[in-house]
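The structure under discussion appears below in the form of structure tokens.
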Amino acid sequence: MTELFSGIDAGWLYSAFAFIALGSTVVIILVILSENRNPVKSLAWVTVLLLLPVVGLILYLFFGRNFKNKRLISRRSRRRLRRQEPRVASDPRSQNLDERSVQNITIARTLIGAQFYTSNTAEAFTNGADKFRALEADLRQAQSSINIQYYIFEDDNIGNLVSDILIDRARAGVKVRVLYDHVGSIGVKNKFFKALKDSGVECQPFLKVTFPELATHINWRNHRKMCIIDNCIGYIGGMNVADRYIDGGKSFDHWRDTHLRITGPAVAALQFSFAVDWSFTKGSLIENDIPIVCRDASPGKNAVADVCAQLITSGPTSQFANVGMAFHHAIASARRRVYIQTPYFLPTEGLLRALQVAALAHVDVRIMMPAKSDSWMLTHASKSYISECLRSGIKIYLYNTGMLHSKMMIVDDELVSVGSTNFDFRSFECNFESNLFIYSTKFNCRMLDVFKADLKQCVRVAPAQWHKRRISMKIAESLLRLLSPVL
């Protein structure tokens, strides 16, 4: 073999390799241009491919490929699942909602057929201890089905507690399904999930990353965090199943997050979303989880009754950035306030301009993000947008009491959005996300009080002081901002 290759001219090998690399680069650039993507992202990829052909090719295979307009499930299967979603949706105009809210609801209906539900009860949790205490109680009382979906499912104290309950319920005859993201839970040993499977729990990873699917699967993550119990109780928000959502973990003394417990007709929307993801992963439809009579699901003492709700899901397979578009309309039509909590602030160009226009129109726009997040790269990249925000009158608050992981938006006096979507490129374009949009003046007021309480744990960024920060910080922020479209 050595003799065979020794007879081949090294220069010829180099030329062949260069020709293949150049040809591949040209083909990929033509593909990028033909897709008519965001010009900023297209230019970024073309620049990387031209300057670093080999590295650029590898990066593009893993992170640059377009996944849009690919179906998770067939239209026929989607219709079959839709038929199980009770048609109790009502006309939003009959609820005396503001016309801007009606338009926001209409957008979601047009984008993904999202139904609008009235007569729901919503309870918000702002810390992991309360959320998991309520979830534990509901799981233990499950009678027919548990469908649980998380980006991260850790093998730690809370992870084992939830696992033990699921195993117990499965042995009691409850149909239990677990869907976790393979990359998000990559550090968890197989024996943790094997124990669930051996006890009768159906357990599946979403887009499992193995060879040769590594390059096609690694960039598309299911970031949703939901649980549906007996199709009567739903949980949705920003908390994963891990101890750090209770105690802050090794890096933080406190972890601030937001999660919702929902009862009422809107739970069917969460069930439909889970069923679509399950069908894509498992290859089978969930068609027997709708109880004839829903058991009593008593709300907590802080729950707000009679709220209207609509679930908006989005992902890389969607034709449009569904959650991002709903955010854009809500911000653009705001008249009094736009309050946003996000762990990472890397807005698209359109959303940044919408926030700036709202602030310039004297809408009270406030962005709350952590002073230090769980990713130093995203911390610095997020801060690179602060100067632009300050120039247009947007108020920036840095949360100093631990990690702020809450993903919440409050608009005017009716709308509150809570879910898994960060205010960043990845959530809007690359991840499978879900947000519950709640329309209720009472719930809006409740979450407004939560936001104001969090302000006491923040430092407002003063423009004069911000511009005086170290030059090294400015350079780091600017460099990392270049990667913001792929971070």
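The values are calculated or read from the model by the stated rules, or taken from the named source; none is laboratory data. Since we're looking at a predicted model, the values are computed, not measured. Cβ sites come from the backbone with ideal geometry, for glycine too, and all protein chains shown count toward neighbours. Heavy atoms of the whole protein, side chains included, go into the accessibility calculation; ligands, DNA and RNA do not. Shrake-Rupley method; radii C 1.70, N 1.55, O 1.52, S 1.80 Å.
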Region 345-365, subset assigned to a loop (DSSP other than H, G, I, E, B) and of a type outside the set (S, T, N, Q), residue surrounded by the fewest Cβ atoms within 10 Å (Cβ to Cβ): His362
Which one of Asp374, Asp413 is open to solvent by 30 Å² or more (accessible area, probe 1.4 Å), modelled with pLDDT of 95 or more and under 29 Å from Leu311 (Cα atoms)? Asp413
Going residue by residue through region 426-444, is there one that turns out to be in a loop (DSSP other than H, G, I, E, B), open to solvent by less than 30 Å² (accessible area, probe 1.4 Å) and under 25 Å from Ile152 (Cα atoms)? yes
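Looking only at region 377-392, decide whether some residue is within 18 Å of the chain's Cα centre (by Cα) and open to solvent by 10 Å² or more (accessible area, probe 1.4 Å). Write out each step before concluding.
So in region 377-392, the residues within 18 Å of the chain's Cα centre (by Cα) come out as 378-379, 382.
Applying the additional criterion that residues be open to solvent by 10 Å² or more (accessible area, probe 1.4 Å) yields 378-379.
Yes, some residue in region 377-392 is within 18 Å of the chain's Cα centre (by Cα) and open to solvent by 10 Å² or more (accessible area, probe 1.4 Å).
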Pairs needed: first member in region 400-421, farther than 18 Å from Ala334 by Cβ and aliphatic (A, V, I, L, M); second member anywhere, modelled with pLDDT of 95 or more and assigned to a strand (DSSP E or B); C-beta distance under 8 Å; at least 6 residues apart or different chains. Met403/Trp255; Met403/Arg256; Met403/Pro370; Leu404/Arg256; Leu404/Gln341; Leu404/Met368; Leu404/Met369; Leu404/Pro370
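Suppose we keep only residues that are part of a strand (DSSP E or B) and among the hydroxyl-bearing types (Ser, Thr, Tyr) within region 98-137. Which one would you say is surrounded by the fewest Cβ atoms within 10 Å (Cβ to Cβ)? Quick ask: steps written out before the conclusion?
Step one: list which residues in region 98-137 are part of a strand (DSSP E or B), which gives 117-125.
With the extra rule that they be among the hydroxyl-bearing types (Ser, Thr, Tyr), the set shrinks to 117-119, 121.
Values: Tyr117: 23, Thr118: 19, Ser119: 15, Thr121: 21.
Among those that are part of a strand (DSSP E or B) and among the hydroxyl-bearing types (Ser, Thr, Tyr), it is Ser119.
For region 96-137: of the residues being of a type outside the set (Val, Ile, Thr) and touching a Cys at 6+ places or on another chain (Cβ under 8 Å), which is farthest from Asn322 (Cα to Cα)?
We begin by selecting, within region 96-137, every residue of a type outside the set (Val, Ile, Thr); these are 96-101, 103-104, 108-109, 111, 113-117, 119-120, 122-125, 127-137.
Subsequent filtering for residues that are touching a Cys at 6+ places or on another chain (Cβ under 8 Å) retains 97, 116-117, 120, 135.
Working: Leu97: 22, Phe116: 16, Tyr117: 18, Asn120: 23, Leu135: 28 Å.
Selected residue: Leu135.
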Any idea how many residues of region 64-97 are at pLDDT below 90, part of a loop (DSSP other than H, G, I, E, B) and farther than 23 Å from Phe428 by Cβ? 9
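Could you grab me the full set of residues in region 146-165 that are open to solvent by 30 Å² or more (accessible area, probe 1.4 Å) and of a type in the set (A, V, I, L, M, F, W, C)? Break it down into steps so the answer makes sense when it comes.
Our first condition is that a residue be open to solvent by 30 Å² or more (accessible area, probe 1.4 Å); within region 146-165, this holds for 151, 154-157, 160-161, 164.
Selection gives Leu161 alone.
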(1) assigned to a helix (DSSP H, G or I); (2) open to solvent by 50 Å² or more (accessible area, probe 1.4 Å) all hold for Val459 apart from (1)
What do you reckon, is Asp277 modelled with pLDDT of 90 or more, assigned to a loop (DSSP other than H, G, I, E, B) and among the acidic types (Asp, Glu)? no
Looking at Tyr397 and the list (1) in a helix (DSSP H, G or I); (2) within 19 Å of Pro463 (Cα to Cα); (3) touching a Leu at 6+ places or on another chain (Cβ under 7 Å); (4) not small (Gly, Ala, Ser), which single condition is not satisfied? (1)
Restricting to region 168-181, and then to whatever is surrounded by fewer than 19 Cβ atoms within 10 Å (Cβ to Cβ) and not in a strand (DSSP E or B), can you tell me which residue is nearest to the chain's Cα centre (by Cα)? Asp168
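Just to be sure, is Thr313 open to solvent by less than 10 Å² (accessible area, probe 1.4 Å), touching a strand residue (DSSP E or B) at 6+ places or on another chain (Cβ under 6 Å), closer than 22 Å to Leu260 by Cα and hydroxyl-bearing (Ser, Thr, Tyr)? It would help to see each step written out before you state the result.
Numbers: open to solvent by less than 10 Å² (accessible area, probe 1.4 Å): no; touching a strand residue (DSSP E or B) at 6+ places or on another chain (Cβ under 6 Å): yes; closer than 22 Å to Leu260 by Cα: yes; hydroxyl-bearing (Ser, Thr, Tyr): yes.
Judged against the criteria, Thr313 is not a match.
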